[in-house]
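The values are calculated or read from the model by the stated rules, or taken from the named source; none is laboratory data. If you're wondering where the values come from, they're calculated on a predicted model, not measured in any experiment. Cβ sites come from the backbone with ideal geometry, for glycine too, and all protein chains shown count toward neighbours. Remember, those area values only see protein heavy atoms, side chains included, never the ligands or the DNA or RNA. Shrake-Rupley method; radii C 1.70, N 1.55, O 1.52, S 1.80 Å.
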Amino acid sequence: MLPGDKEHPFNGKGILYRIHPSNGTESPWWKTEGWYARRVFISENGEYLARLNDWPAGAEPADDDLGIAFYNIGKLIKKYSTKDLVKDSSAVDRSLWHYEYIREIKGFSGNYTFSIVSIDNIEYQFNVPSGDIISRRKI
């Protein structure tokens, strides 16, 4: 992931490189543009990316704040806001200008399932190829 310029750091890009096992060389496979995030996760097969927001601005979850987004070879599949993921905003950890909405990132399980635990202790499992929530349970 590469941030944008000084004035627009979150307007960056990402490039996934493929390493060729026959000779160890690398070449660009796919890329993203128009956003930057520090918390991204790649599936084992390299086809899927999960993107999480880094400390969204404000005091509580909002419809306009990205919570999680899924991509297939650089193309957006589906995204959820922080308000979609956090049902009890009183559990949110706040700083002076930002808030935390995730307690734990469990990550990919194989290539097609990604899991997180929200700050209010709801475990979400996502089917990454569709972006759909396949399991939601309070823990």
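Assorted remarks:
- Of everything in the stretch 103-124 that is touching a Ser or Thr at 6+ places or on another chain (Cβ under 6 Å) and open to solvent by less than 60 Å² (accessible area, probe 1.4 Å), the residue that is nearest to Pro56 (Cα to Cα) is Phe108.
- Hits in the stretch 85-114 - residues which are farther than 18 Å from Ile134 by Cβ and touching a Pro at 6+ places or on another chain (Cβ under 8 Å): Val86, Ser89, Val92, His98, Tyr99, Tyr101
- Tally of residues being modelled with pLDDT of 95 or more and farther than 23 Å from Thr113 by Cα across the stretch 36-63: 3
- Residue match in the stretch 4-22 (condition: at positive phi and more than 12 Å from the chain's Cα centre (by Cα)): no
- Of the criteria (1) open to solvent by 30 Å² or more (accessible area, probe 1.4 Å); (2) in a strand (DSSP E or B), which one Tyr99 fails: (1)
- Flag if Glu60 is closer than 29 Å to Ile134 by Cβ, surrounded by fewer than 18 Cβ atoms within 10 Å (Cβ to Cβ) and in contact with a strand residue (DSSP E or B) (Cβ under 6 Å, 6 or more places away or on another chain): no
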